[in-house]
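Beneath this line is the structure, given in structure tokens, with notes to follow.
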Amino acid sequence: MSTRRHSRALGAFVALTSATALAVSLGLAPAGAADGGATTTNPVSKSFADSFADPSVIQAKDGWWYAYSTADPLRSGDPSGIMHIARTRDFVTWDYRGTVFDETNRPSWATPTSGLWAPDIRYINGQYVIYYTVTDTTLNPGDDSAIGVATSPSPEGPWTPTNAPIVAPRPDGGGFLWTFDPAGFTDVDGQNYLYFGSYYGGNFVTKVSRDGLTPMGGQTQVAIGDRYEGSYVQRHEGWYYYSASSANCCAGPTTGYAVFAGRSRSPLGPFVDQDGIPLTASAVGGTNVVHQNGNRWIGVGHHAVATDASGRDFLAYHGLDRNEPWLNEPFGVTRRPMLLDRLDWVDEWPRTRAGAGPSDSPQPAPVTGSLLGITDHDPAAGGFTGGMRTASDPQGGASAVVNGTAKTPAAAPAGSLRVRLDVKGDQPLTVTVGAHPKTVSVTVDPRRNQLSLTTGIGANRRTVTDTLRDAAGWQTLVVEVSGTKAMAQVAESDLGDPAAEVSLERTGFKLGSAPISLASSGALVDNVTVRPLAVEANSLVDVPEPVSEIVRDDFTTGLDSAWQWLRKDPNATVSGGQLTWPLQAADLVGTGNNASLLLRDVPASGDWIAETKFHLDLGTDTIRNYQQAGMIVHETDDDFARLGSVAIWKTRQSEFGRELPTEDGRLSFGGSLIGTPAATMWMRIAHHENAAGEHIYRAATSRDGTEWTWGSAWTFPAGATPQIGLYAHGGDQPPVSAKFDYFSVSTATWPAAP
């Protein structure tokens, strides 16, 4: 949700500044604050739920953080709730607070058996607004999904649904497009937006009215069908980042869900990934935000973002424990608890733990509370002297009225600083930080509908302004100073969606240590925090790298003797330095197992990387299900992982798929997606044994053989003895051949887990 560039340094987690450490030692940091040593361990929902999928989060005006989830059972044997609510002050201790709906307020236009999924929470125009998926309405025969909306004065309800969908079912021939997974967003001009959609039909955005309840105008497609769901949008450094989940959310132990991103200069798109490829392209990619890394967590996705008091973003998302992927009762429902990990902005792209992915060890918790002795959720109780008195508000609870100038007796740290507070009323409020003469003053002026930021004094004074929109309730003001740059923004939801923003950069400007002051003639304030800005990672974590080649076949004089055919294909030939293999009308998924494989043994131990280059033209925008070719790790025909370029309806994707038997005797297949396919591809599969002796296989793809995109990992049990090789199957219409240039195996480095 951050729209700022924080100060950055090498390292993968928050580092305390000397000023912060001093404040902690003097007791100026509240008990339990993250920089006082608090940690979180995934899953963060463990205390109240085994499954808390599709989480959405918000810091409410009462100072609590609230999380909302889809309508699955919380634990084995529980009935399905109608979307769940939990809250926390520090992300460590959570309280379950009930459901959004029950039978007394369930939307009247949802069928009795309809699912209510994927809530998205916002605070708009003085009330809480929640968007949600209805999988079947009473408006049409058949499953006709739609987006609903409900409002409440409180984050816990009671919730009042509107009498009709905000996005109605969308007919498509004899059926309906998937109208799933809503996500709200507010732009800096105050315009509200709503994103929605899924695999069948693609993802779209529409403008929404001031109160967030009525669509305005048409629908613009932002991502191609068959690829994305679970949209989320945030603004960062003037860019709009659209991120969404891909692949199967709910395939038990073979769930390969992951999150990818594109960005645009407009909330309407077009959104392109780090390689400049649109998310609407047939050969679609996306920049990795989070993917499974070989530890216990798989199927990681459907996310939201929370920004802590230090300005650091955190990804709230769900994942599956690969060792316990199902709820026992009812069996077949995926067990998807809520995970939480920091989000680093590396080279202007969001990366979970700088690319390390989901954590399975204790991590520094989000920074909560305030320095300088401020009681954030009751600011009149401590931390300020002068013009501040106790107040109460129906939404904010214990609050404070600023009448005159209220100042902190203690000085805030120098260098970098973040001040956050909620403000309400028709009186202007000015926040001033820094030491004379290098001060930063920010004024929220509801009378003039203006946000202004001023640096310096006298002849050295500079001011910038932006227009505020009318707001019926609370607004969040954030002031940040980092190095020579000062920034201020005002938002209602404070979810990476500022409705006004101003910034100034001054050569030679440096913030000195000084008290914080708030000045007004009656503004109401609440949830006041003062913190140094977080220090972010400035580079991605290491990835596997080849060291020394130990096997290479350039296909110059036939296949070398180490290759073994499984169901030999007589149509595959070797000549001219290529293995040419016409795609077969055959496959391995399921029980058919009639496809040919070309396999070889792998090194008995150690870290290694297998690599190949091949050419496969799958065309664009046509349906060629499921033609594919690439590399495979093969234990048996019902226990394998394959990495290839594949046609999935009108898309072309790079998929690292996994099939294995489930505990109830069924076969489960799921995939994770990595990079963008092209007619010529390079692919790698890296191998590592963990401390338990399990075999971890991680995949990477490249379009030029130089720049590699590393993605998800799949695990085989200790004692497994898979082979590795090549495949070319999935359909022979239209006829097409995969042409492999080489296959190699190298010893490799495998980075230590962060």
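Counting only strands (runs of 3 or more DSSP E) that sit completely within segment 590-668, those holding 1 or more residues that are without any contact (Cβ under 8 Å) to a residue 40 or more places away in the chain and open to solvent by 40 Å² or more (accessible area, probe 1.4 Å) correspond to 628-636, 651-661.
Against the criterion of being among the acidic types (Asp, Glu), open to solvent by less than 10 Å² (accessible area, probe 1.4 Å) and in contact (Cβ under 8 Å) with a residue 40 or more places away in the chain, Asp308 qualifies. One residue stands out in segment 682-699 among those that are part of a strand (DSSP E or B) and in contact with a Ser or Thr (Cβ under 6 Å, 6 or more places away or on another chain): the one that is most open to solvent (accessible area, probe 1.4 Å), namely Trp682. Close contacts from segment 389-401, counting a first residue that is at positive phi and a second that is part of a strand (DSSP E or B) and not polar (S, T, N, Q), with Cβ to Cβ under 8 Å and a gap of 6+ residues or different chains, come to Gly397/Asp526. Given the structure, is Asp445 acidic (Asp, Glu) and free of Cβ contacts under 8 Å to residues at least 40 places away in the same chain? Taking the combined requirement at face value, the residue satisfies it. Does segment 130-140 include one or more residues that are touching a residue at least 60 places away in the same chain (Cβ under 8 Å), part of a strand (DSSP E or B), within 21 Å of Ser198 (Cβ to Cβ) and open to solvent by 10 Å² or more (accessible area, probe 1.4 Å)? No, segment 130-140 contains no residue that is touching a residue at least 60 places away in the same chain (Cβ under 8 Å), part of a strand (DSSP E or B), within 21 Å of Ser198 (Cβ to Cβ) and open to solvent by 10 Å² or more (accessible area, probe 1.4 Å). Report yes if some residue within segment 232-250 is over 18 Å from the mean Cα position of the chain (by Cα), buried (at least 22 other Cβ atoms within 10 Å of the Cβ) and under 29 Å from His695 (Cα atoms); otherwise report no. Checked segment 232-250: no residue is over 18 Å from the mean Cα position of the chain (by Cα), buried (at least 22 other Cβ atoms within 10 Å of the Cβ) and under 29 Å from His695 (Cα atoms). Thr580 meets the stated requirement of being in a strand (DSSP E or B) and either more than 24 Å from Gly434 (Cα to Cα) or within 39 Å of the chain's Cα centre (by Cα) (or both).
Do we find a residue being within 15 Å of the chain's Cα centre (by Cα), part of a strand (DSSP E or B) and under 23 Å from Ser482 (Cβ atoms) anywhere in segment 315-337? Yes, some residue in segment 315-337 is within 15 Å of the chain's Cα centre (by Cα), part of a strand (DSSP E or B) and under 23 Å from Ser482 (Cβ atoms).
Within segment 187-223, the set of residues being within 18 Å of the chain's Cα centre (by Cα), of a type in the set (Ser, Thr, Tyr) and open to solvent by less than 20 Å² (accessible area, probe 1.4 Å) comprises Tyr195, Ser198. Of the residues making up segment 453-461, none is assigned to a loop (DSSP other than H, G, I, E, B), touching a residue at least 60 places away in the same chain (Cβ under 8 Å) and not polar (S, T, N, Q). Can you spot a residue in segment 236-246 that is of a type in the set (Phe, Trp, Tyr) and over 26 Å from Ala53 (Cα atoms)? Yes, that holds for at least one residue. Ala164 meets each of the listed conditions (1) surrounded by fewer than 23 Cβ atoms within 10 Å (Cβ to Cβ); (2) without any contact (Cβ under 8 Å) to a residue 40 or more places away in the chain apart from (2). Looking only at residues of segment 251-282 that are of a type in the set (A, V, I, L, M) and in a loop (DSSP other than H, G, I, E, B), we find that the one that is surrounded by the most Cβ atoms within 10 Å (Cβ to Cβ) is Leu279. Scanning segment 523-547 for residues that are assigned to a strand (DSSP E or B) and open to solvent by 30 Å² or more (accessible area, probe 1.4 Å) yields Glu545, Pro546, Val547. With respect to the conditions (1) more than 24 Å from the chain's Cα centre (by Cα); (2) open to solvent by 10 Å² or more (accessible area, probe 1.4 Å); (3) at negative phi, Gly126 falls short on a single one, namely (3). With respect to being among the small types (Gly, Ala, Ser), farther than 24 Å from Tyr199 by Cα and under 27 Å from the mean Cα position of the chain (by Cα), Ala752 fits the description. Please enumerate the residues belonging to segment 60-101 that are open to solvent by 40 Å² or more (accessible area, probe 1.4 Å) and β-branched (Val, Ile, Thr). Scanning segment 60-101 gives Val92, Thr93, Thr99. Report yes if some residue within segment 663-679 is over 25 Å from the mean Cα position of the chain (by Cα), under 19 Å from His291 (Cβ atoms) and not polar (S, T, N, Q); otherwise report no. No; the residues of segment 663-679 include none that is over 25 Å from the mean Cα position of the chain (by Cα), under 19 Å from His291 (Cβ atoms) and not polar (S, T, N, Q).
Checking each residue in segment 339-366 for being among the aliphatic types (A, V, I, L, M) and either under 19 Å from Gln234 (Cβ atoms) or surrounded by fewer than 24 Cβ atoms within 10 Å (Cβ to Cβ) (or both) picks out Leu339, Leu340, Leu343, Val346, Ala354, Ala356.
The values are calculated or read from the model by the stated rules, or taken from the named source; none is laboratory data. A quick note: this is a predicted structure, and the numbers were derived from the prediction, not measured. All Cβ positions, glycine included, derive from the backbone under ideal geometry; neighbour counts span all protein chains shown. Quick note on the areas: whole protein, heavy atoms, side chains included, nothing else; ligands and nucleic acids left out. Shrake-Rupley method; radii C 1.70, N 1.55, O 1.52, S 1.80 Å.
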